[in-house]
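Right, one structure below, let's go through it.
The values are calculated or read from the model by the stated rules, or taken from the named source; none is laboratory data. It should be emphasised that the depicted structure is a prediction, and the values quoted were computed from it without experimental measurement. Please note: Cβ atoms are built from the backbone with ideal geometry, for glycine as well, and neighbour counts cover all protein chains shown. Side chains included, ligands, DNA and RNA excluded: accessible areas come from the protein's heavy atoms. Shrake-Rupley method; radii C 1.70, N 1.55, O 1.52, S 1.80 Å.
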Amino acid sequence: MTAGEPATMQDLARMAGVSVASVSRALSGKPGVSAATRSVIARLAREHGFTGNQPARALSTGQTGRIAVTLPRIEAEYFARILAGAAQVIHDAGLSLVLETTQHEGDRQTDAIREFVRTGVDGALLLLPARSNWEISALYDSGFKFVIIDPTDQVTAPMPWVTATNAMGARHAIEHLLALGHHRIAIITGESHFFSTRERLHGTREALEQAGIGLDQSLVRVSGYTESAGGYEAALDLMRQPDPPTAIFAFNDRLAFGALQAAHTLKLPVPDALSIVGFDDVDAAKLISPSLTTVRQPLSEMGSTAATMLIQLINGQNPRGMHIQLATDLIVRQSTAAPKAARP
């Protein structure tokens with residue numbers, strides 16, 4: 001390689017100390033290369049101006065090197081972190097990303113996909129798609145390559161999707177509160193039509209029933225996932241009952257923040273008078289006071305896993321799984337403690 005000339009694949013292999021085949025696999029998103037090696041090769045490719053032979057590849061394979069992503073909104077941290085994980089894999093594979101926000105409107109998503117197909121993309125990542133299962137199935141049957149991230153509906157067709165273990169995460173949240181001694185546990189859910197809501201509700205019921213308690217419908221409130229004000233109003237209503245709960249499990253962190261605000265309004269110290277658990281583990285969860293106990297979703301990994309699956313599908317390969325649920329983790333912080341009645 002002479003000064004000023006872009007690196008070749010052979011140059012990258014020599015600098016990284018790997019085979020040319022490994023470089024090829026790393027840049028095309030194929031399996032068989034460790035994440036560390038893939039990162040090194042991607043960095044060297046950027047630093048030394050390697051661009052590959054995209055026009056030749058497009059002619060020989062019919063591929064454009066463009067991956068589309070649809071998501072409801074960018075500004076919400078939940079979506080942004082998933083997008084960041086996907087974007088890194090797409091970039092490291094030497095591909096470009098085309099982005100469209102849908103505001104969770106079905107017509108906007110349909111228009112976006114039609115435009116992608118018309119202008120030419122190799123496939124798409126559909127994050128929380130707004131369309132129903134049968135419409136997504138029709139898209140799959142058309143031969144268009146895509147992977148769903150966090151499906152809105154339960155996916156019954158053999159199409160690829162990635163999500164988190166929502167039911168298990170909820171179960172761990174409830175088991176944590178039960179272990180502390182809580183028995184009157186309220187829940188604030190998101191919209192009931194979301195698959196994630198139904199899964200978290202299922203995990204909640206399982207944990208309570210195993211403890212011989214059961215879910216008290218008088219302690220259930222429904223809000224919108226994007227409405228912290230909804231969590232605030234729901235928590236106010238719950239805590240003003242004659243026999244209020246000693247703990248609240250909110251189905252995302254935004255709702256939990258609303259519950260914390262309600263506790264402050266009612267002058268209820270958290271966790272001394274009320275324990276609160278969220279779901280997602282957004283950055284603010286560890287910054288607020290008291291810091292929030294919450295179920296961590298592997299958001300960035302959800303995006304990177306889906307992007308890797310899509311690239312493999314585009315390249316005619318079989319991913320390690322078509323239906324992938326990534327593990328959640330309970331992160332215990334300062335917003336939960338034993339109720340006063342259970343303290344020695």
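Applying 1/(1 + (r/R0)^6) with r as the Cβ-Cβ distance of residue 213 and residue 48 and R0 = 51 angstrom yields a FRET efficiency of 0.25.
If you count only protein heavy atoms with a 1.4 Å probe, what accessible area per residue comes out for region 127-228, rounded to a whole Å²?
Details: 4160 Å² over 102 residues.
Normalised by residue count, the accessible surface of region 127-228 is 41 Å².
Here the Karplus relation 6.51 cos²θ - 1.76 cosθ + 1.60, evaluated at θ = phi - 60°, turns the backbone of region 296-305 into coupling constants of 7, 8, x, 4, 4, 5, 4, x, 5, 5 Hz, with x for every Gly and Pro.
Would you calculate the separation in nanometres between label points at residue 202 and residue 287, each defined as 7 Å from the Cα along the Cα-to-beta-carbon direction? Result for the modelled spin labels: 3.5 nm.
The long axis of helix 106-119 is offset from the longest Cα principal axis of the chain by roughly 10 degrees. With both labels modelled 7 Å from their Cα along Cα-to-Cβ, the residue 241 to residue 76 distance reads 2.7 nm. Protein heavy-atom surface of region 94-162, 1.4 angstrom probe: 48% of the accessible area is carbon and sulfur, with nucleic acids and ligands not counted.
Considering only protein heavy atoms and a probe of 1.4 Å, how much of the accessible area of region 192-344 is carbon and sulfur, as a whole percent? Spell out each step's value before the answer.
Numbers: 3380 of 6810 Å².
Answer for region 192-344: carbon and sulfur cover 50 percent of the accessible area.
The share of C-alpha pairs in region 108-252 whose separation exceeds 27 Å stands at 36 percent.
Could you give the length gained on full extension between residue 39 and residue 111, defined as 0.36 nm per residue of separation minus the Cα-Cα distance, in nm? Display every interim value, and only then the final one.
On the way: separation 72, 0.36 × 72 = 25.92 nm, distance 3.48 nm.
This chain segment gains 22.4 nm when fully extended.
A simple spin-label model places pseudo-atoms 7 Å from Cα toward Cβ; at residue 315 and residue 264 they are separated by 4.9 nm.
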